[in-house]
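See below for the structure under consideration.
The values are calculated or read from the model by the stated rules, or taken from the named source; none is laboratory data. Worth saying up front: this structure is predicted, and the values here are computed from it rather than measured. Backbone-built Cβ (ideal geometry, glycine too); neighbour counts: all protein chains shown. For the accessible areas, the whole protein counts, side chains as well, though only heavy atoms, and no ligand, DNA or RNA atoms are used. Shrake-Rupley method; radii C 1.70, N 1.55, O 1.52, S 1.80 Å.
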Amino acid sequence: MALASTVGVILFCGLGIWQVQRLAWKTDLIARVEARLAAPAVPAPPEADWPGIASGPDEYRRVEVTGQFDFSRDRLVQAVTQQGPGFWVMTPLQTDQGWAVWINRGFVPQDRREAADRIQPSGDQAVSGLLRITQPDGAFLRSNDPAAGRWYSRDVEALSADAGLGTHAPYFIDADPGQDPQALPVGGLTVVSFRNSHLSYALTWFAMAAGLALGAFYVLRADRRLGD
């Protein structure tokens, strides 16, 4: 029993230490993302920088890009927002540098999904927003079905292949709100939130280690007294 209790205490303490390490990582991540959100927009990464794009250093960077929308290639991705169920409107923007980038122009409700319901500005457009990393393989328990026009995640490669898009960025951009808050699609609905329960998890593991140690101590002491 003493050996089993010792192993258990070591295991629970190890899990508690791991959660403390995860807490430090999550706290640093939140601080870095908040700094990116507060920073001024920078030019969207050009083609030469694409190989180095990664979630850790680049997700939620504020970026800006100029080009022309190709509304003939709009794709609707199912979404649930604070405004209810509906769709993200994904539209490729063709830049003057010869490459395209998918823009999440914003949200439309289920009953306003037709192209005529949303604004379609012509000519060069300056778009600012948050850089987002591609979301491959669909959503939980739902796979994208391009043939049926059913999209559950913003998979840049799959969207580009379905739309016959040429050279395109490996990321997409969540556009900022438009000047008219009543116009569709509604931009700026990105929710940037990170669950951070590592402290409570760590305290739970340490409490279990302490409880096991105390319980084993009292049981072993009682056994010794009975043996005497």
As computed over the stretch 92-215, the Cα convex hull volume per residue (Å³): 188
Value at 222 nm in deg cm²/dmol, rounded to 500, when DSSP H runs of n ≥ 4 in the chain each add -39,500 (n - 2.57): -12000 deg cm²/dmol
Rounded to the nearest 20 debye, dipole of the chain from Cβ charges on Lys, Arg, Asp, Glu: 1100
Derived scalar couplings ³J(HN,Hα) [the stretch 41-58; Karplus, 6.51 cos²θ - 1.76 cosθ + 1.60; whole Hz; x for Gly, Pro]: 5, 10, x, 4, x, x, 4, 5, 9, 4, x, x, 5, 8, 4, x, x, 10
Cα-based Rg of the stretch 40-122 normalised by 2.2 N^0.38 Å, two decimals: 1.23
Rounded accessible area per residue of the chain, 1.4 Å, Å²: 57
Distant-in-sequence amide H partners of Arg154 (H built 1.01 Å from N, under 5 Å): Gln135
Accessible area (Å², 1.4 Å probe, nearest 10) - Arg105: 20
Most mobile of Ala38, Ala216, Ala175 in a GNM of the chain (Cα contacts under 10 Å): Ala216
Among Arg22, Arg62, Arg36, residue whose mean-square fluctuation peaks in a GNM of the chain (springs only between Cα atoms under 10 Å): Arg22
In order through the stretch 153-161: 3J(HN,Hα) via Karplus (6.51 cos²θ - 1.76 cosθ + 1.60), integer Hz, x for Gly, Pro: 8, 8, 8, 4, 5, 5, 4, 5, 5
HN-Hα J in Hz across the stretch 87-95 - Karplus 6.51, -1.76, 1.60, θ = phi - 60°, x for Gly and Pro: 9, 7, 9, 9, 10, x, 10, 8, 8
Over the chain, relative contact order from alpha-carbon pairs under 8 Å, at least 6 apart, %: 26
Rounded percent of accessible protein surface that carbon and sulfur make up, the chain, 1.4 Å probe: 56
Distance between modelled label sites at Ala2 and Gln68, nm, 7 Å Cα→Cβ extension: 8.3
